[in-house]
Every structure is written in structure tokens, then in C-alpha cells.
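Have a look at the structure below, then the notes.
The values are calculated or read from the model by the stated rules, or taken from the named source; none is laboratory data. Quantities reported herein were computed from a predicted structural model and do not represent experimental measurements. FYI the Cβ positions are ideal-geometry reconstructions off the backbone, even for glycines, and counts take in every protein chain you see.
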Amino acid sequence: MHFDLTDLRLFVHVCEARSLTGGARQAHLSTPAASMRIKALENQLGSRLFYRSSQGVDLTPAGQRLLTQARLVLRQVEHLKTEFTEHAGDAAGHLRIFANTTAVTEFLPEVLARFLAERPGVTVDLQERLNRDILRGVLDGTSDLGVIAGGVDTPGLEVLPFSRDHLVVAIPLSHPLAERERVRLIETLAYPHVGLHDGSTLLSFLRDRLEALGEQFALRTQVYGFEAVCRMIEVGVGIGIVPVSAVRRHQRTMRLRWVALDEPWALRERSVITRELAALPGCARALVEALVVYGDAERAPDPVPR
């Protein structure tokens, strides 16, 4: 069985556009030419790949299986090209990274700034995703690397822990909780909360913890990013559950305190996940190494409330 890379790329474009016309446009083909290529691919595989309707196309089970493998094949072809360009090694290439909220807003910008400054030939597509979507993206080849926090089930993936962080309760200086050293999650519900936007990894995680207790947040407001959360807390809008690294950073310019969160899940391991580290291009392996170095430098003991 012979697979044409052009056909595989066209197939992926059609899947992502959910339209034969849209996929053909992305592949720089006419719609009739694209239709003939897709039909030839279906004939070769002996399987129908799409359900077609006036609204577009949807994948069949066979199409879903092919999409996963096609993405992996195409990513590996791109990695192979990168390895044998004139900029071989870790100096060139394109990486797609799916990461959780804390990684995207807190430490990856700092790590990537140094990493990319040293490698002008490398480009990075960084996207914020929920843990489950990060895992799915790495498994199906949509993403080269994933950055997650906390314990998750990662069958078929390599997991490389590189640092840890604690979730704490950030409060204004004069808040009633300021005299406490530790507080349980359920105790914080007596006060209005400032939270991250819907769809953020941390908010989804905390909602799951509360759902297990039969409770829910009294969110007074939701904002984008830990800086905005901390500014709201500083002026007394509410309290918030955030990584201790974020509070420490913003305490340099804001009047904040924090209290340790007395929960077994408050300590979260940060990890990089990938299908196979050895199969990644040199630039991806170099970025993983940079994250490990960052984690070693930032690793801190258990937090002491202040």
C-alpha cells in the first residue's frame, strides 16, 4: 500500500476545515481535483473516510483513525526535513506546544524568550489547552510537546517531571484569613473568589475538586491571567487560589498575602509529555532540556505562609 504525502496533507486539511472546498483551498487544489484524490484514497484503503452533507463533512471511524496516523506521519516528515537542513541540530525547526494556564502565563514566556533568542531558526506555536486536550493533542500528533500539572493518566506517552508548584490562597493584607497558616478549600467558600476565565486549566481543576465535595465557587469576577487575579485581590474584590510562584512574583509590586491550601492535591508536579522524546527534532529536545534547567533553578521547598 502506497501513501502519497500530498493526499495525506489534503486529508488533514479537509478534516480541519470540515469542508472539502475549504480543505482544497488550504491544499491549493481545485475542489474537483481534491474530491478525486480523496475518493482515490478511500478506494486504496477500502474504507469510507467522510460522511458528506450539505453542511460539510464529518469523519467516519475509519477517517478518525487515519487522521491520527496522518498527523503523526506528517509531523515526522517535517522533523526529518529539519534534521537534515543546513541548520541541522537544535538551531532550526517548528514546534507546536499545548500547555496549561500556569505554563502559558507564568514561566513558558520566560523560558521561550531565552530559548528562541539563542535559536533564530526555531519557531514555536504555543497554545493554552486543558489537560485532557493536551494529552489528546500529543497522542494524535497535533502537538509535539505538552506541559501539564498534577497527576494525570498518560498511557503511551513519555512523562518528564521538571518542577513543582503549590496552590495557595491569595488574600488582601487585611483579610480575616491573614491570621491563618493553612485553610481547607471548603473553608474558602465563605468568601467571594476571583477566578480565571472559563476554559482555563486551573479553574476547571478547582471546579472538579469542588464538585467532588458537592459544592461550587462563589465567583465574584473572572479575569484573564494571574496578574489580573492578583490586582483584584489586592484591592479587596475577593480571594483567589493561585500557584504560589505567581503570588511571590506579584508580591514585588502588590500588597498581597497568601495562606497555604491544606489539601493533598495542592502540591502539583509539572511535567513535559511527548510520544517519544528520542524521535523529536533536536530543537524540541533542547527545549525539554531548557525546561529541566528552569525547574532545577526554580525548585523550592514547601511554602511558608506570609
> Consider D125 against the criteria (1) over 23 Å from the mean Cα position of the chain (by Cα); (2) modelled with pLDDT of 90 or more; (3) surrounded by fewer than 17 Cβ atoms within 10 Å (Cβ to Cβ): it satisfies all of them except one. Which criterion is unmet?
Replying inline: (1)
>> For the range 194-225, give me each residue that is under 21 Å from V104 (Cα atoms), among the polar types (S, T, N, Q) and either outside any strand (DSSP E or B) or not assigned by TED's automatic domain parsing to the domain that holds V237 (or both).
In response: S200, T201, S204
>> A92 - would you say it is under 27 Å from L280 (Cβ atoms), at pLDDT below 85, surrounded by fewer than 17 Cβ atoms within 10 Å (Cβ to Cβ) and not charged (D, E, K, R)?
In response: no
> What tally of residues in the range 1-52 results from selecting those that are of a type in the set (A, V, I, L, M), assigned to a loop (DSSP other than H, G, I, E, B) and surrounded by fewer than 16 Cβ atoms within 10 Å (Cβ to Cβ)?
Replying inline: 1
> Within the range 228-248, can you find the residues that are free of Cβ contacts under 8 Å to residues at least 60 places away in the same chain and more than 18 Å from G199 (Cβ to Cβ)?
Replying inline: R231, M232, V237, G238, R248
> If we keep just the residues of the range 100-122 that are of a type in the set (D, E, K, R) and either surrounded by 15 or more Cβ atoms within 10 Å (Cβ to Cβ) or in a helix (DSSP H, G or I) (or both), which is modelled with the highest pLDDT?
Replying inline: R114
> Considering the range 165-184 alone, what residues qualify as being surrounded by 12 or more Cβ atoms within 10 Å (Cβ to Cβ), at pLDDT below 90 and over 14 Å from L261 (Cβ atoms)?
Replying inline: A178
> Among the candidates A70, A24, which residue alone is of a type in the set (G, A, S) and within 23 Å of L139 (Cα to Cα)?
Replying inline: A70
> Take the residues of the range 235-262 that are within 24 Å of the chain's Cα centre (by Cα) and not in a strand (DSSP E or B): which is nearest to H166 (Cα to Cα)?
Replying inline: V244
>> Could you check the range 142-174 and list, in sequence order, the residues that are assigned to a loop (DSSP other than H, G, I, E, B), within 20 Å of T188 (Cβ to Cβ) and touching a helix residue (DSSP H, G or I) at 6+ places or on another chain (Cβ under 9 Å)?
In response: G150, L173
